[in-house]
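Here's the structure, in structure tokens; my notes come after.
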Protein chains: 4
Amino acid sequence: MSTNTFGHLFCVTTWGESHGEAIGCVIDGCPPNIEIDETYIQQFMDKRKPGQSRHTTQRKESDTVKILSGVFEGKTTGTPISLIIYNEDQRSKDYGDIKNKFRPGHADYTYLSKYGIRDYRGGGRSSARETATRVAAGAVARKVLNSKLGEDFDVRAALVQMGKYTIDRENWDWNEVNNNPFFSPDVAIVPQWEDYLDSIRKNGSSIGAVIEVVAEGVPVGLGAPIYAKLDADIASNLMSINAVKGVEIGAGMSAAELTGEENADEMFSDEEGNVSFSSNNAGGILGGISSGQDIIARFSVKPTSSILTPRKTIDIDHNETEIITKGRHDPCVGIRAVPIGEAMVLCAILDHYLLHKAQCGFCPATK
Amino acid sequence: MSTNTFGHLFCVTTWGESHGEAIGCVIDGCPPNIEIDETYIQQFMDKRKPGQSRHTTQRKESDTVKILSGVFEGKTTGTPISLIIYNEDQRSKDYGDIKNKFRPGHADYTYLSKYGIRDYRGGGRSSARETATRVAAGAVARKVLNSKLGEDFDVRAALVQMGKYTIDRENWDWNEVNNNPFFSPDVAIVPQWEDYLDSIRKNGSSIGAVIEVVAEGVPVGLGAPIYAKLDADIASNLMSINAVKGVEIGAGMSAAELTGEENADEMFSDEEGNVSFSSNNAGGILGGISSGQDIIARFSVKPTSSILTPRKTIDIDHNETEIITKGRHDPCVGIRAVPIGEAMVLCAILDHYLLHKAQCGFCPATK
Amino acid sequence: MSTNTFGHLFCVTTWGESHGEAIGCVIDGCPPNIEIDETYIQQFMDKRKPGQSRHTTQRKESDTVKILSGVFEGKTTGTPISLIIYNEDQRSKDYGDIKNKFRPGHADYTYLSKYGIRDYRGGGRSSARETATRVAAGAVARKVLNSKLGEDFDVRAALVQMGKYTIDRENWDWNEVNNNPFFSPDVAIVPQWEDYLDSIRKNGSSIGAVIEVVAEGVPVGLGAPIYAKLDADIASNLMSINAVKGVEIGAGMSAAELTGEENADEMFSDEEGNVSFSSNNAGGILGGISSGQDIIARFSVKPTSSILTPRKTIDIDHNETEIITKGRHDPCVGIRAVPIGEAMVLCAILDHYLLHKAQCGFCPATK
Amino acid sequence: MSTNTFGHLFCVTTWGESHGEAIGCVIDGCPPNIEIDETYIQQFMDKRKPGQSRHTTQRKESDTVKILSGVFEGKTTGTPISLIIYNEDQRSKDYGDIKNKFRPGHADYTYLSKYGIRDYRGGGRSSARETATRVAAGAVARKVLNSKLGEDFDVRAALVQMGKYTIDRENWDWNEVNNNPFFSPDVAIVPQWEDYLDSIRKNGSSIGAVIEVVAEGVPVGLGAPIYAKLDADIASNLMSINAVKGVEIGAGMSAAELTGEENADEMFSDEEGNVSFSSNNAGGILGGISSGQDIIARFSVKPTSSILTPRKTIDIDHNETEIITKGRHDPCVGIRAVPIGEAMVLCAILDHYLLHKAQCGFCPATK
């Protein structure tokens, strides 16, 4: 029960600190004979890597992934896949303030209280740098799922809210998501977000966001009641991402406002017996099991806690003081959480694909 | 990796169906020498049991808990605690409609698709009846935590929203929560909720709700980064409850709207070095580890899917049809989710208390 | 990670004490749509239950199994199967000696030292009575495996050594195993064992034994390197049985005496490509994965620690004293370990069958 | 539930193939604030590394361990410790025979049957090269245990049998174990083993062995009944080592020959209440829990399957053929298993130390 591992059968164990020599992960339980290489994984790393626009941190990391094991002649062998990413831009600097003071909103105080020691350099283990390894694991999961479920299967994510500015869902266009620096599916909001985030950045401030993840082509039947429900695992996976404070499936928190009549996703069937629904308040999951509808998950990301405005805090000796967090930070860390959210949902789905295959099997059995 | 088990060290395995002979759970990893008896557990069962007011289902269940193992002469022995609750009111009735048609919003379709078989009687395993066993396990967790952390430790929950009607937090009074049929901390809203829910019930409809859980007296340092973060485990535990569609920690989904300045919970210290905070947007958890502040979690519960209004659906042969769900149902199942939410948070906290004790230990070591 | 659970996907959680009201287990991860009923399970319970001959304990237990959940209309539903066995012959007696003194060879001292409390009645949780639940779980595993692998699949066990008396393998006849009170495959040794054990019993003494378990019809490919190797899991499962002190696979401890030439199980193939081997020193497992040969495991069971000869010991206050363990005990507890060994190997094989199906699948996929 | 991970709380996940770029492991759950560095670990690596004498393989590997994470300023931080060992002597050679034929006794056939693909270079994942990472993890466990339990705690192993040649236990001297190339505790047998193994090696043959592991200074109370018993976990850990075919605790397989009188380890107490025993047939474990006596475990290692004598086998197309395994092999792979056995027992003990601390705690609590 490694607490740095997630997954029941497709297990991802991550390791590494922000300013150590490298970070990495070990993926265990991957089906064999899946074609995979570093180039395939890298394209997803590149979506998350820093320094892609003025709207994200300027830390320079190529986030180049290297496969150390588990792949032979371009195919997975069924043995653990070890992936490593060397840290390149661990700036040698004076860590004085961050070493001796707790940054509000960061994990400095809790890590030191828990362990009695902490690697304060760049947040150490609690840095979002760790999420690079999740994206790498998610790429492997995606390759496996496309191999098993076909190209109709896809998991995509988008930024749907930044501060108080929410997209217009009428404008949703998946094709636009990778054409703007915010992963916005609504091109109309992009100029507004640009101006807003420029002002946030120039003020040394930061802002929160909401990301939506959509999984299409998921077969009915994935999920393992009662305590490894697909939605419970997605919730856990998303909440484990740095700075996430809320997770929703389908109607989410607003389900509280619905009546039974409004909430019921009515069911229909065509002549071939294919099932369809009138709506998707369930977010594609009923009783913890996928219904065949799109799986819809959303999560909120709090604003980066590193800001230039002085905040009151205490030092490691519990004397009251103030802190300003200089350095290279994302004004809206939610942007780079988009590919991370995709990755965490991908891993959850593959995990449940394997669990379902074990206990129940698919029909036809060739899937 | 039983999927009907939750917890890393304080492990709860549940079993049983709505209309089987009994339901129950096995609690493993409980510390020894804790005083516990059936009477203590029963008081929490009674909060969740049906038929307490006109606002909940009229199914008659005493939900009497019996301890079958793991307790000797009134104390836990450290061996598995087996708890059993006999079902008393499995009404012999015609299951015709529910047997042959899928109820929208229920797990009928997904269970049958997954397993190729389902116990359709009252929802079988997917029935919220299973949650009785969680409340029993939560009572044991509470007794252990009070024994270890003292009487200042407490976990309480309350209903904070029903439909569009949200409590006034200015009126929050924990003493009132058990004095009204809704577990409302705001007595002023009770008459409004009564009228509203009466009309919902008389129309054969149902409505969603939001529950808030607050844990006080949690020591700093509980939580196991990265993938068994305290908030990730609470999210998983709460999302595993029937009908839950969203989970929030602290500021929750609204964290998206905060700036870094607003979000930062500034830190202070008194002369004894005791730490305090200016606010609690973090909900008591930073980097997955408890900060010593109150832990605040909220979750939404969708409206009961069983309603009297006919809904379009399909039968098990995928023919289109309609269904009306008669029977004994909660018009707002969120009410009875209040003690369940408490129980799931209690179990998560005890689990992390034990994990922390294993890896790091407490100072002073006597805790 | 419940420590009272075994299995990765076919998970068995057991609970209960020797003199409590009942014992039982919860089986999770069982494939759905498998026909099972109490009668089927009972036949295996009857092999282990006490009082079948003068050579086993005279405690009167019918060991009647009752299914409380997870089976609907005679078939498994894929949800947890809860099995319960009520204790019937918890003799009300004076526990004085066993309460206050530690019986050498028993777990009295270690349980009390570990937990600071113990249910001393009949050994409490450390009693071999718990193994009844394993046999029940093994029966379910057997039914599933026969359903998936056909009737050629079988797991059988036999007593091959009692004290210094070892069977003649030339006489091995599986048909005889259930025709004598020792589960001996060699009828010729039965009279010798009868005389020997009568003398042991009359002297109030006890004796150890060796059991051999053979699994036939296991497909090639089961096992999950590196740390859930099929042989490692079988070793763990067998070593967890009360009183077991050694586990061997294939050549076992005597592998130390073999040369590489002797040890090599040479491989052959017939015209259809079916693989055969010249010998089976590997015991059917290579690199932790089944080879398609019979799986051969052996385990030793120490003599019952409850004997009539006075032994020196200490009391719970650490004063030196002596103890005689009266009561109803097996003179050779190894006999009743035969069906337990079968059950533990059955569970390990089903567990790995499911793991293999998840990660790799079978060819043809219908298996 | 990664199958390449072992341990409940002190979790070791290993990765890597014999001829890949590197091998390594991730250790999770390590207590914080333990002093550790590469030099400390390296001394144990050096005991296992190849090419130390003419009696082991001539593959040249320095087995230099590098710490990539989890250690800060010379101390563990409580976060995952990633260790890497680069492979240096992956000889570029013609893999023809090993690529196309199955070596009897090796995992070639089972890996290919299971996964449908295999990294045949040097055995890939099934190579004993993986065990280097276990030794590294064991060194970390040792450092933690010495920190917690003091210097009286020690785990040591020795070779006690090679082929038919068994040591004289009267000659046992731990001080001699590291002074001869066999880790023999009996200097008298060394010349005999040298001659014997020279002849084995010159003939291109190989021979099996038995290793004994002794743990001293283990406190009473470690072990987690029923299915994570200390002996069950030690059995699993040892059986997971390449080529191991049998595991014994205390009297082991010979317990079958003992009477209850002989087997009983009688208990005594001195004036301070310190407990002692007349013998140690239990091998320091009663009911799955440590008794405070030395823990004694033994395991057999089969002869290296790579021999120069031609053996009959089949190729990957199931045609019958012969194979000679040339290359650099250990004539008695059991020798290098000595530090591996130590490591696996160390990890099991630390794991149970942490489990016990979680559930029960130690008295005095400072331990």
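The values are calculated or read from the model by the stated rules, or taken from the named source; none is laboratory data. Worth saying up front: this structure is predicted, and the values here are computed from it rather than measured. Glycine also receives a Cβ, built like all others from the backbone with ideal geometry; neighbour counts cover every protein chain displayed. Only protein heavy atoms, including side chains, enter the accessible area calculation; ligands, DNA and RNA are left aside. Shrake-Rupley method; radii C 1.70, N 1.55, O 1.52, S 1.80 Å.
Name the residues in segment D:301-319 that are in a strand (DSSP E or B) and under 28 Å from C:G273 (Cβ atoms), would you? D:R311, D:K312, D:T313, D:I314, D:D315 - these are the residues of segment D:301-319 that are in a strand (DSSP E or B) and under 28 Å from C:G273 (Cβ atoms).
Right, D:V333: open to solvent by 10 Å² or more (accessible area, probe 1.4 Å) and more than 8 Å from chain C (Cβ to nearest Cβ) or not? I'd like the intermediate steps shown before the answer.
Numbers: open to solvent by 10 Å² or more (accessible area, probe 1.4 Å): yes; more than 8 Å from chain C (Cβ to nearest Cβ): yes.
Taking the combined requirement at face value, the residue satisfies it.
Within segment C:280-302, identify whether any single residue is free of Cβ contacts under 8 Å to residues at least 12 places away in the same chain and either closer than 18 Å to D:R311 by Cα or more than 20 Å from the chain's Cα centre (by Cα) (or both), and answer yes or no. Looking through segment C:280-302, at least one residue is free of Cβ contacts under 8 Å to residues at least 12 places away in the same chain and either closer than 18 Å to D:R311 by Cα or more than 20 Å from the chain's Cα centre (by Cα) (or both). With respect to the conditions (1) open to solvent by less than 10 Å² (accessible area, probe 1.4 Å); (2) within 14 Å of chain A (Cβ to nearest Cβ); (3) within 21 Å of B:D294 (Cβ to Cβ), B:A141 lacks only one, and its number is (2). If you go through segment A:295-321 and keep only what is facing another protein chain (nearest Cβ under 7 Å) and within 17 Å of A:N203 (Cα to Cα), you end up with A:P303, A:T304, A:S305, A:I307, A:T309, A:R311.
Considering only strands (runs of 3 or more DSSP E) fully contained in segment C:1-95, which possess at least 2 residues that are in contact (Cβ under 8 Å) with a residue 24 or more places away in the chain, among the aliphatic types (A, V, I, L, M) and touching a helix residue (DSSP H, G or I) at 6+ places or on another chain (Cβ under 7 Å)? I'd like the intermediate steps shown before the answer.
Values: elements: C:11-16, C:22-28, C:65-67, C:81-86.
Counting at least 2 such residues, we get C:22-28, C:65-67, C:81-86.
From the list A:E248, A:E271, the lone residue that is touching a strand residue (DSSP E or B) at 6+ places or on another chain (Cβ under 9 Å) and either touching a residue at least 12 places away in the same chain (Cβ under 8 Å) or more than 7 Å from chain B (Cβ to nearest Cβ) (or both) is A:E248.
Listed by first and then second residue, the pairs linking a residue in segment A:210-222 that is in contact (Cβ under 8 Å) with a residue 24 or more places away in the chain and closer than 15 Å to A:R142 by Cβ to a residue that is open to solvent by less than 10 Å² (accessible area, probe 1.4 Å) and assigned to a strand (DSSP E or B), with Cβ atoms under 6 Å apart and 6 or more places separating them unless they lie on different chains, are A:V213/A:A157; A:V213/A:A297; A:A215/A:V155; A:A215/A:I295; A:V218/A:S290; A:V218/A:I295. Residue check: B:S127 meets all listed conditions (1) of a type in the set (S, T, N, Q); (2) over 22 Å from C:S69 (Cβ atoms); (3) modelled with pLDDT under 95 but one, namely (2).
In a helix (DSSP H, G or I), free of Cβ contacts under 8 Å to residues at least 24 places away in the same chain and more than 14 Å from chain B (Cβ to nearest Cβ): is that true of C:V135 in this structure? So that I can check it myself, show each step before the final result.
Working: in a helix (DSSP H, G or I): yes; free of Cβ contacts under 8 Å to residues at least 24 places away in the same chain: no; more than 14 Å from chain B (Cβ to nearest Cβ): yes.
So C:V135 does not fit the description; no.
Within segment B:274-326, the set of residues being under 19 Å from B:N242 (Cβ atoms) and among the hydroxyl-bearing types (S, T, Y) comprises B:S300, B:T304, B:S305, B:S306, B:T325.
Residues that are farther than 21 Å from B:G334 by Cβ, within 7 Å of another protein chain (Cβ to nearest Cβ) and either acidic (D, E) or in contact with a Cys (Cβ under 6 Å, 6 or more places away or on another chain) (or both): does segment A:210-224 have at least one? No: segment A:210-224 contains no residue that is farther than 21 Å from B:G334 by Cβ, within 7 Å of another protein chain (Cβ to nearest Cβ) and either acidic (D, E) or in contact with a Cys (Cβ under 6 Å, 6 or more places away or on another chain) (or both).
What are the residues in segment B:89-109 that are open to solvent by less than 20 Å² (accessible area, probe 1.4 Å) and aliphatic (A, V, I, L, M), if any? Residue satisfying the conditions is B:A107 alone.
Results for (1) open to solvent by 10 Å² or more (accessible area, probe 1.4 Å); (2) at pLDDT below 95, shown as yes or no for each residue.
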position	(1), (2)
D:L308	yes, yes
D:I314	no, no
D:V338	no, no
D:K357	yes, no
D:G361	yes, yes
D:P364	yes, yes
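Kindly indicate which of A:I349, A:I324 is among the β-branched types (V, I, T) and surrounded by 17 or more Cβ atoms within 10 Å (Cβ to Cβ).
Values: A:I324 fails: surrounded by 17 or more Cβ atoms within 10 Å (Cβ to Cβ).
Result of the check over A:I349, A:I324: A:I349.
Regarding segment C:199-220, can at least one residue be identified that is of a type in the set (K, R) and at pLDDT 95 or above? I'd like the intermediate steps shown before the answer.
So the first thing to find is which residues in segment C:199-220 are of a type in the set (K, R), and the list is C:201-202.
Keeping just the survivors that are at pLDDT 95 or above gives none.
No: segment C:199-220 contains no residue that is of a type in the set (K, R) and at pLDDT 95 or above.
Please verify whether C:I98 is assigned to a helix (DSSP H, G or I), of a type in the set (A, V, I, L, M) and out of contact with any helix residue (DSSP H, G or I) (no Cβ under 7 Å at 6 or more places or on another chain), treating the condition exactly as stated. Working first, answer last.
Numbers: assigned to a helix (DSSP H, G or I): yes; of a type in the set (A, V, I, L, M): yes; out of contact with any helix residue (DSSP H, G or I) (no Cβ under 7 Å at 6 or more places or on another chain): yes.
Spelling it out, C:I98 is indeed assigned to a helix (DSSP H, G or I), of a type in the set (A, V, I, L, M) and out of contact with any helix residue (DSSP H, G or I) (no Cβ under 7 Å at 6 or more places or on another chain).
Is it the case, given these coordinates, that D:D195 is more than 9 Å from chain C (Cβ to nearest Cβ) and touching a helix residue (DSSP H, G or I) at 6+ places or on another chain (Cβ under 9 Å)?
Working: more than 9 Å from chain C (Cβ to nearest Cβ): yes; touching a helix residue (DSSP H, G or I) at 6+ places or on another chain (Cβ under 9 Å): no.
Here the answer is no, as D:D195 does not meet what is asked.
Selection within segment A:110-127: residues that are within 11 Å of chain B (Cβ to nearest Cβ) and in contact (Cβ under 8 Å) with a residue 60 or more places away in the chain. The member of this set that is most open to solvent (accessible area, probe 1.4 Å) is A:L112. Does at least one position in segment D:184-203 carry a residue that is open to solvent by less than 40 Å² (accessible area, probe 1.4 Å), touching a Pro at 6+ places or on another chain (Cβ under 7 Å) and within 24 Å of D:I296 (Cβ to Cβ)? No: segment D:184-203 contains no residue that is open to solvent by less than 40 Å² (accessible area, probe 1.4 Å), touching a Pro at 6+ places or on another chain (Cβ under 7 Å) and within 24 Å of D:I296 (Cβ to Cβ).
Please verify whether segment C:68-88 includes one or more residues that are open to solvent by 10 Å² or more (accessible area, probe 1.4 Å), more than 14 Å from chain D (Cβ to nearest Cβ) and within 15 Å of C:S127 (Cβ to Cβ). Checked against the condition, which is being open to solvent by 10 Å² or more (accessible area, probe 1.4 Å), more than 14 Å from chain D (Cβ to nearest Cβ) and within 15 Å of C:S127 (Cβ to Cβ), segment C:68-88 yields at least one hit.
Given the criterion surrounded by 22 or more Cβ atoms within 10 Å (Cβ to Cβ), within 8 Å of another protein chain (Cβ to nearest Cβ) and closer than 30 Å to A:F6 by Cα, identify the matching residue among D:F6, D:F10.
On the way: D:F10 fails: within 8 Å of another protein chain (Cβ to nearest Cβ).
Going through D:F6, D:F10 in turn, the sole match is D:F6.
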